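Worksheet for the structure shown next.
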Amino acid sequence: MSTSNLTRCGWCSDDPLYQNYHDQEWGQPLYDDQALFELLCLEGAQAGLSWITVLKKRAHYRQVFDGFDAQKMAAYDAEKVALLLSDSGIVRNRAKVAAFISNAAAYLKLQQEEGRFSDFLWSFVNGKTIRNHWLLLSDTPALSAESTAMSKALKKRGFKFIGPTICYAFMQASGMVDDHSPSCWVRNPPQ
């Protein structure tokens with residue numbers, strides 16, 4: 001099926017990388033702990049930037065952050081941090097890089113205490129996708145009661161760069177919230 005002439009959500013540009021992300025990933029329920037951890041980190045890296053900026057760097061992020069292997073990331077030392085901060089292939093923000101490392105440690109601890117990271121995160125939506133029906137892109141909120149609760153719980157467990165707005169974007173991206181517009185082809189696939 002050709003996807004070039006399909007109607008997409010208003011935020012999706014004509015960039016093929018962005019369109020593929022929208023069509024194949026955004027809003028699809030994600031339950032894999034490793035993938036959720038990566039996505040949460042990348043949503044934090046996106047803070048203050050556009051998602052396409054991080055999306056274009058995602059492959060490089062995966063390379064330099066050891067495939068988002070939390071065990072390896074939690075052990076990064078000052079030398080590794082300096083190397084990361086000199087790498088133009090990522091967002092070179094000291095606080096964001098430090099957050100990736102502290103989030104890795106918090107993620108491992110949460111798994112040890114609670115079990116699956118996925119179960120913990122999906123509990124904020126009672127294990128089911130919240131399907132919104134915003135008529136206009138401008139109607140879509142930047143946060144919700146659920147994203148605020150998630151942010152608070154993650155902060156309490158030591159996570160960084162996970163405010164309510166970041167958590168809402170994360171919930172949209174991971175399929176916890178379905179905010180595809182009513183006219184979007186993903187929400188209404190061709191028969």
Checklist line | Qualifying positions in the range 117-148 - surrounded by 12 or more Cβ atoms within 10 Å (Cβ to Cβ) and touching a Gly at 6+ places or on another chain (Cβ under 6 Å) | finding: 129
Item checked: So residue 171, is it part of a helix (DSSP H, G or I), closer than 15 Å to residue 29 by Cβ and open to solvent by less than 10 Å² (accessible area, probe 1.4 Å) -> yes
Checklist line | So residue 114, is it acidic (Asp, Glu), open to solvent by 50 Å² or more (accessible area, probe 1.4 Å), out of contact with any Cys (no Cβ under 7 Å at 6 or more places or on another chain) and at pLDDT below 95 | finding: yes
Check: Can you find a residue in the range 175-186 that is in contact (Cβ under 8 Å) with a residue 60 or more places away in the chain, under 29 Å from residue 93 (Cα atoms) and among the charged types (D, E, K, R)?
Finding: no
Note to self: Take the residues in the range 7-22 that are under 19 Å from residue 138 (Cα atoms) and polar (S, T, N, Q); name whichever of them is least open to solvent (accessible area, probe 1.4 Å).
What the structure shows: 13
Margin query: Just to be sure I understand, how many residues within the range 80-100 are free of Cβ contacts under 8 Å to residues at least 60 places away in the same chain and within 16 Å of the chain's Cα centre (by Cα)?
Written below: 4
Item checked: Any chance residue 25 is open to solvent by 20 Å² or more (accessible area, probe 1.4 Å), within 13 Å of the chain's Cα centre (by Cα) and in contact (Cβ under 8 Å) with a residue 40 or more places away in the chain -> yes
Notebook entry, point to check: So, in the range 23-55, of the ones that are part of a loop (DSSP other than H, G, I, E, B) and of a type in the set (Ser, Thr, Tyr), which residue ends up farthest from residue 138 (Cα to Cα)?
Noted result: 31
Check: Of all residues in the range 29-62, which are farther than 22 Å from residue 186 by Cβ, open to solvent by 40 Å² or more (accessible area, probe 1.4 Å) and touching a residue at least 24 places away in the same chain (Cβ under 8 Å)?
Finding: 34, 49, 53, 57, 60, 62
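The values are calculated or read from the model by the stated rules, or taken from the named source; none is laboratory data. Just so you know, these numbers come straight off a predicted model, no measurement behind them. Cβ sites come from the backbone with ideal geometry, for glycine too, and all protein chains shown count toward neighbours. What goes into the accessible areas is simple: the full protein's heavy atoms, side chains included, and nothing from ligands, DNA or RNA. Shrake-Rupley method; radii C 1.70, N 1.55, O 1.52, S 1.80 Å.
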